[in-house]
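The values are calculated or read from the model by the stated rules, or taken from the named source; none is laboratory data. Owing to the predicted nature of the structure, the values given are computational and were not obtained by experimental measurement. Cβ: placed from backbone, ideal geometry, glycine included. Neighbour counts: every protein chain shown. Note: accessible area is taken over every heavy atom of the protein model, side chains too, but ligands, DNA and RNA are not part of it. Shrake-Rupley method; radii C 1.70, N 1.55, O 1.52, S 1.80 Å.
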Amino acid sequence: MPKSSSWPRMLVALLTFVTLLGSTAWAQQPPTVRIRGTIEAVDLPMLSIKSREGTDMKVRVTDNVAVFGVAKTELSEIKEGSYIGVTGMPEPDGTQKAVAVHIFPENQRGAAEGFRPWDQRPNSTMTNATVAQTVKGTDGQNILVKYKDGEKKVVVPEGTPIVTFVAGDKSELKPGAKVIIFSAVKKDDGTLEAARVNVGRNGITPPM
């Protein structure tokens with residue numbers, strides 16, 4: 001009897017240990033910062049960036065930093081099966097009205113898949129998903145996208161910026177370049193570190 005009565009205490013101890021282990025792992029995840037702005041100076045590995053909000057920021061890039069160009073493309077490049085990111089604004093009928101669309105290269109299929117709040121503008125959203133259907137509508141192109149937890153109907157009005165990611169290199173990290181860094185890691189000492197920088201090609205500002 002004493003032996004069996006110890007099971008509840010052992011179970012509680014085990015659950016407590018697992019919870020603490022999970023909490024520790026969660027606490028060890030460093031916070032990330034999304035940065036939109038213009039490179040003002042370069043002294044690799046350090047970038048001096050004036051953020052969209054006017055803040056002067058210092059961002060250290062990793063030795064193996066991935067640099068991608070953000071290049072203009074056409075709406076016609078969005079086809080069934082394309083993996084895209086839609087920066088959108090929610091409409092009363094539940095659809096998303098696109099304010100920008102970016103097309104992922106095939107080797108980035110599945111990146112950050114899903115639907116989430118976004119900070120391109122107040123109340124904006126981001127949907128990274130696969131195009132299931134695209135048809136011409138009266139208000140623009142109607143696109144049905146599907147992701148692992150659901151689907152969204154998207155209207156892409158005429159004139160919406162359409163861009164794609166193309167391979168780049170460190171030479172594109174130069175003063176005047178418009179950039180977006182999706183997730184700069186904030187280190188314990190307060191510095192920021194980026195493993196990927198997306199640079200607007202031909203003077204464009206990444207619209208996402």
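Numbers below:
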item: Lys, Arg +1 and Asp, Glu -1 on Cβ, resulting dipole of the chain about Cα centre, debye, nearest 20; result: 400
item: Interchain or long-range residues, amide H under 5 Å from residue 97's placed H; result: 89, 91, 155
item: Accessible heavy-atom area order of 47, 144, highest first, probe of 1.4 Å; result: 144, 47
item: Which of 164, 68, 124, positive extreme of dipole for the chain (C-beta unit charges); result: 124
item: Residues of type lysines that residue 187 reaches as a straight line, Cα spacing below 18 Å, ignoring anything fewer than 8 places off in the same chain; result: 58
item: Nearest-ten-degree value, helix 2-27 long axis tilted from longest Cα axis of the chain; result: 30
item: Relative contact order for the chain, counting Cα pairs under 8 Å that sit 6 or more residues apart, in percent; result: 28
item: Distribution of pairwise C-alpha distances over the chain, 10 Å bins, in %; result: 8, 29, 28, 18, 9, 5, 3, 0
item: Kirkwood Rh and Cα Rg combined as Rg/Rh, the stretch 138-208; result: 1.09
item: Residue-wise HN-Hα coupling along the stretch 44-49, computed from phi with Karplus coefficients 6.51, -1.76, 1.60 (Hz; x: Gly, Pro); result: 3, x, 9, 10, 9, 10
item: Loop sites in the stretch 109-146: trypsin sites (Lys or Arg not before Pro), DSSP, at most 14 other Cβ within 10 Å; result: 109
item: ³J(HN,Hα), Karplus 6.51/-1.76/1.60, whole Hz, each residue of the stretch 131-144, x for Gly, Pro; result: 6, 9, 7, 9, 9, 6, x, 6, 9, x, 7, 9, 10, 9
item: Across 79/178; 50/170; 152/186; 148/178, pairs whose alpha-carbon gap is larger than 23 Å; result: 79/178; 152/186; 148/178
item: Mean residue ellipticity (222 nm) of the chain, computed from DSSP H runs ≥ 4 via -39,500 (n - 2.57), nearest 500; result: -4500 deg cm²/dmol
item: Dipole magnitude of the stretch 95-174 about its Cα centre (Cβ charges: Lys, Arg +1; Asp, Glu -1), debye to nearest 20; result: 120
item: The chain: antiparallel DSSP beta bridges as a percent of all, rounded to 5; result: 80
item: Excluding exposed DSSP-loop GluC sites (Glu not before Pro) (at most 10 other C-beta within 10 Å), longest clean stretch of the chain; result: 75-157
item: For the stretch 110-116, 3J(HN,Hα) per residue [Karplus equation, 6.51 cos²θ - 1.76 cosθ + 1.60, θ = phi - 60°, Hz, x = Gly/Pro]; result: x, 4, 6, 4, x, 10, 7
